[in-house]
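Below is one structure; the comments refer to it alone.
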Amino acid sequence: IITNMNNKGYSRIWVLFSTSTVRVTLILITDPIVHCSICHYGSSAKLDCSFVYGFNDAQHRLSLWTDLHSVSSMVGVWIALGDFKVVRAIGERVSFTLPNMDSIHDFNNCLGKCGLVDLSSIGLDYT
């Protein structure tokens, strides 16, 4: 188990894995990110993975974009997954209020700078 528990005992991200299947090496822990290198024992395939749990507040999320940009400069094959707490476009949110356009811009700008692309999903859009 890897977690980003802070000195107050508060944890936002938990990463659980089978040690008999993969070797997980912790690279970086911040409040919104746990970044690891994952190696599959059977195939020796390697993947860097950032597990994300973003902040609700747009100002606090700015550190997430900085952290992701820092990670992007030190990885090869990389996936970032989790709850970024922001949408990429207005149509991705169902609400009576419009999402913050500055937050959408910041998120899309970060994805572009980091070379990340949004993978399409299968199934229900809103759960």
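The values are calculated or read from the model by the stated rules, or taken from the named source; none is laboratory data. Source: prediction; values computed, not measured. Positions of Cβ are backbone-derived with ideal geometry, glycine not excepted, and every protein chain shown enters the neighbour counts. Heads up: the accessible areas ignore ligands, DNA and RNA and are worked out on the full protein's heavy atoms, side chains in. Shrake-Rupley method; radii C 1.70, N 1.55, O 1.52, S 1.80 Å.
Miscellaneous remarks
- Filter result for V15 (open to solvent by less than 70 Å² (accessible area, probe 1.4 Å) and under 17 Å from D83 (Cβ atoms)): yes
- In the range 26-50, of all residues being part of a loop (DSSP other than H, G, I, E, B) and farther than 27 Å from M101 by Cα, the one that is least open to solvent (accessible area, probe 1.4 Å) corresponds to A45.
- Looking across the range 56-94, just one residue is more than 15 Å from G115 (Cα to Cα), open to solvent by less than 70 Å² (accessible area, probe 1.4 Å) and among the polar types (S, T, N, Q), and that is S63.
- Index of the failed condition, Y53 passing every other in (1) open to solvent by 70 Å² or more (accessible area, probe 1.4 Å); (2) within 28 Å of P99 (Cβ to Cβ); (3) in contact with an Asp or Glu (Cβ under 7 Å, 6 or more places away or on another chain); (4) without any contact (Cβ under 8 Å) to a residue 40 or more places away in the chain: (4)
- So R23, is it touching a strand residue (DSSP E or B) at 6+ places or on another chain (Cβ under 8 Å) and in a loop (DSSP other than H, G, I, E, B): no
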